[in-house]
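To keep things clear, I will list the structure first and then write my remarks on it.
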Amino acid sequence: MTQYFNYIDAQWTKASSGNVFESRNPANYEELLGQFQASTEADARDALEAAHRAFPMWKKTPMGQRAKILNAAADYLEKNVDQFAEELTREEGKLLSNSKMEIMRSAQTFRFYAVEGTTFTGETYPCDDPGMLVYSQREPLGVVSVITPWNFPISIPARKIAPALITGNTVVFKPSSDTPLIALRLAEALHHAGVPKGVFNFITGSASDIGAELTTNEVVRAITFTGSTRAGERIHQAASLTTRTQMELGGKNPMIVLDDADIDTAVDLTVQGGFALTGQACTGTSRVLITAGAKERYLDALVQRIKSIKIGNGMGAGVEIGPLANQRQLDSVLNYIDIGKTEATHVYGGEHLTGPGFDGGYYVQPAVFTDVTQQMRIAREEIFGPVIAVIDVEDYDDAIAKANDTEFGLSAALITNDIRYIQRFPLEIEAGTVKVNRTTTGNLVNAPFGGLKRSSTSTFRESGRAGLDFYTQIKTVYIGR
Ligand code: NAP
């Protein structure tokens, strides 16, 4: 069995504990993908110190040289896309086509920041004193801790690491303990690209062993975290005044369907937004708020569509939904399905799938509940699985009130052709990503991304040009003569 290592100060190293943990295939948990280092606080400290030592050199490294490394890392990902996509599917469970897109998107992100970072500047300011030049300049923060989840285990790290490096910061990257292999491929890409010693460091291990060190050590100037609201809030609250935080967290994303909506479109968007990635997208559709004139037609068509969905191993041809990512996910989703059955009307699905083609994997049939009210847990809590809660609404105004009645604010969609509501929706919905006649899921590499309310710290956006802000601080300079 292959054992993989940490990457600290340009050395592939073992954890000081001497222990390892395993990564397994959620479509067949008998299949072991590799053993990874169960790192300790001391290993995390080593990685942070390496990043701290490398910072003064990297800060002064010409921008063009930094960009060259990002482009070379993108080349490496593209060259190995077939192998890495297969590994991603075997490690996380998503469809092979989605894995390919994710690897290519990670490469695209590196290329995007290799260009965008080189034009990221301060401003000059008009001033009454003709003998004075006033301008702002941007500079890097220092050591950045990058902590990421398993659901987009390479594209989320890419959209943090690329802007951090191009702006002159050094990085310690800790991936989810569920997807260390594909994260390691990103580390490998930077290593092959010639990233200088200490500038980028990769460390695996459980959050309970290394999380506190990576987030509270005094050399850490920024923490960029994507994961659950519970963990993100805890990290944010424990961070010191000198540590900037960016927390991208959970969601309970609504899709509003009005009477005039095309029902086939609404069903397609539910399947794509709620069930693709087995419901494990932070922007996944989990509440459908629907008016009476559309509801029965929508529910009938949705159930018919679910019956035709092919569920199976993400490597298989024609498969539309893969397994859940791990045992915790399976237990949690099945628990929410039980809760749904006690508090709402169960329309369809939710079974744990077993038997030929399913044994050894974490498979669940997509589930639909109706007569869901605002107080129910399946209407309020993030389930992070293929479960749709259908909520009755009287009209657009009622839909907006109910859609906004949540602690989350990540993404939202409206399905209608009525221009009055299309215009009001972006103004009235409380969400960082607002879609009309599209799925709640999906965002562009070149556009800002982030949530409102408890879905994000809302301080800085990720992605796009706005994604560079978090990694720089501004100095204002007054030069007289
Ligand atoms: P998670 O349990 O919060 O873990 C995320 C990452 O944080 C993992 O690497 C985990 O390490 C680490 N971690 C957990 N607690 C920590 C702590 N106290 N200190 C330092 N690190 C800590 O989330 P998950 O189950 O991986 O991901 C699912 C969640 O992510 C969902 O809530 C989803 O909505 C959210 N998400 C949000 C976005 C977004 O952009 N808003 C995107 C994708 C996912 P271990 O693996 O070692 O525990």
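The values are calculated or read from the model by the stated rules, or taken from the named source; none is laboratory data. Quick caveat: nothing in here was measured; it's all calculated off a predicted structure. All Cβ positions, even for glycine, are placed from backbone atoms using ideal geometry, and neighbour counts span all protein chains on display. Surface accessibility is based on the protein's heavy atoms, side chains included, excluding ligands, DNA and RNA. Shrake-Rupley method; radii C 1.70, N 1.55, O 1.52, S 1.80 Å.
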task: Quote the relative contact order of the chain in percent (integer), defining contacts as alpha-carbon pairs under 8 Å separated by 6+ residues.
output: 18
- line: When the charge dipole of the chain is computed with +1 at the Cβ of Lys and Arg and -1 at the Cβ of Asp and Glu, the Cα pointing farthest to the positive end, of Asn71, Tyr363, Ala158, is that of Asn71
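Which links in Lys79/Lys252; Lys68/Lys475; Lys310/Lys453; Lys307/Lys453; Lys174/Lys453 stretch past 31 Å when you go from one Cα to the other? Before the final figure, lay out the partial values.
Working: Lys79/Lys252 37 Å; Lys68/Lys475 27 Å; Lys310/Lys453 36 Å; Lys307/Lys453 36 Å; Lys174/Lys453 26 Å.
Those over the limit are Lys79/Lys252; Lys310/Lys453; Lys307/Lys453.
Could you give the Stokes-Einstein D for region 223-276 in µm² per second, using the C-alpha Kirkwood radius, 4 °C, 1.567 mPa s?
Details: Rh = 14.0 Å.
For the chosen part, D equals 93 µm²/s.
Starting from the exponent 0.38 and prefactor 2.2 Å, build the expected Rg for region 23-93 from its residue count and divide its actual Cα Rg by it. Before the final figure, lay out each step's value.
Details: Rg = 17.5 Å, N = 71, 2.2 N^0.38 = 11.1 Å.
Normalised Cα radius of gyration, region 23-93: 1.58.
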- prompt: Given the pairs Lys94/Lys435; Lys60/Lys100; Lys160/Lys341, which are separated by over 29 angstrom at their Cα positions?
  reply: Lys60/Lys100; Lys160/Lys341
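Treating only the Cβ of Lys, Arg, Asp and Glu as charged (+1, +1, -1, -1), what charge dipole size does region 253-436 show about its Cα centre? Round to the nearest 20 debye. Each step should come with its number before you reach the end.
Values: 14 positive and 26 negative charges, 110 e Å.
Here the size comes out at about 520 debye.
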message: Using each residue's phi in region 91-105, evaluate 6.51 cos²θ - 1.76 cosθ + 1.60 at θ = phi - 60° and report the 3J(HN,Hα) Karplus result to the nearest Hz, with x for Gly and Pro.
response: 8, 9, x, 5, 4, 4, 5, 5, 5, 4, 4, 5, 5, 5, 5
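Rounding to the nearest 20 debye, state how big the charge dipole of region 75-230 is about its Cα centre with +1 on each Lys and Arg Cβ and -1 on each Asp and Glu Cβ.
Working: 14 positive and 18 negative charges, 54 e Å.
Value, rounded to 20: 260 debye.
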query: Which listed residue (Ala294, Gln83, Gln137) has the Cα farthest towards the positive end of the charge dipole for the chain, taking +1 on Lys and Arg C-beta and -1 on Asp and Glu C-beta about the Cα centre?
result: Gln137
- prompt: Dipole of the chain (Lys/Arg Cβ +1, Asp/Glu Cβ -1, origin at the Cα centre): which of Tyr478, Ala389, Ser308 lies farthest to the positive side?
  reply: Tyr478
field: Phi-based couplings in Hz for region 76-87 (Karplus 6.51, -1.76, 1.60; Gly and Pro marked x)
entry: 5, 5, 5, 4, 9, 4, 5, 5, 5, 5, 5, 5
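As a test of understanding, state the convex hull volume per residue of region 253-436 from its alpha carbons, in Å³. Walk me through the numbers before you get to the answer.
Working: hull volume 19.7 nm³, N = 184.
Convex hull volume per residue, Cα atoms: 107 Å³.
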- prompt: Out of residues 5 or more away from Gly432 or on other chains, whose amide H comes under 5 Å of its own, with H placed 1.01 Å from N in the peptide plane?
  reply: Leu410, Ser411, Leu452
query: Over what distance in Å are the Cα centres of region 79-152 and region 420-481 separated?
result: 15
- prompt: Dipole magnitude of region 259-336 about its Cα centre, charges +1 at Lys/Arg Cβ and -1 at Asp/Glu Cβ only, in debye to the nearest 20?
  reply: 340
message: Taking every alpha carbon pair in the chain, what does the distance histogram look like in 10 angstrom bins from 0, in percent?
response: 4, 20, 28, 25, 15, 6, 1, 0, 0
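Taking only protein heavy atoms into account and a 1.4 Å probe, give the accessible area per residue of the chain in Å². Kindly include the intermediate steps, with their values, before the conclusion.
Details: 19070 Å² over 481 residues.
Here the per-residue accessible area is 40 Å².
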- prompt: Residues with amide H under 5 Å of Leu289's amide H, sequence separation 5 or more or different chain, H placed in the peptide plane at 1.01 Å from N; which?
  reply: Met255, Ile256, Val257, Ile391
Residue-by-residue Karplus 3J(HN,Hα) for region 228-233, coefficients 6.51, -1.76, 1.60, Hz, glycine and proline x: 6, 4, 4, 5, x, 5
message: Skipping prolines and chain starts, which residues have an amide H placed within reach, meaning under 5 Å, of the one on Thr13, given they are 5 or more residues away or on another chain?
response: Asn6, Tyr7, Ile8
- request: Take the alpha carbon atoms of region 181-216, find their center, do the same for region 282-335, and report the distance between the two centers in whole angstrom.
  value: 34
- prompt: How much solvent-accessible surface does Ser228 expose, in Å² to the nearest 10, with a 1.4 Å probe and all protein chains in place?
  reply: 60
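Quick one: with all protein chains in place, what share of the accessible area of the chain is carbon or sulfur, to the nearest percent (1.4 Å probe)?
Details: 9630 of 19070 Å².
Solvent-exposed carbon and sulfur of the chain make up 51 percent of the total.
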query: In a shell of Cβ-Cβ distance under 9 Å around Gln246, excluding Gln246 itself, what net charge do Lys and Arg (+1) and Asp and Glu (-1) give?
result: +1
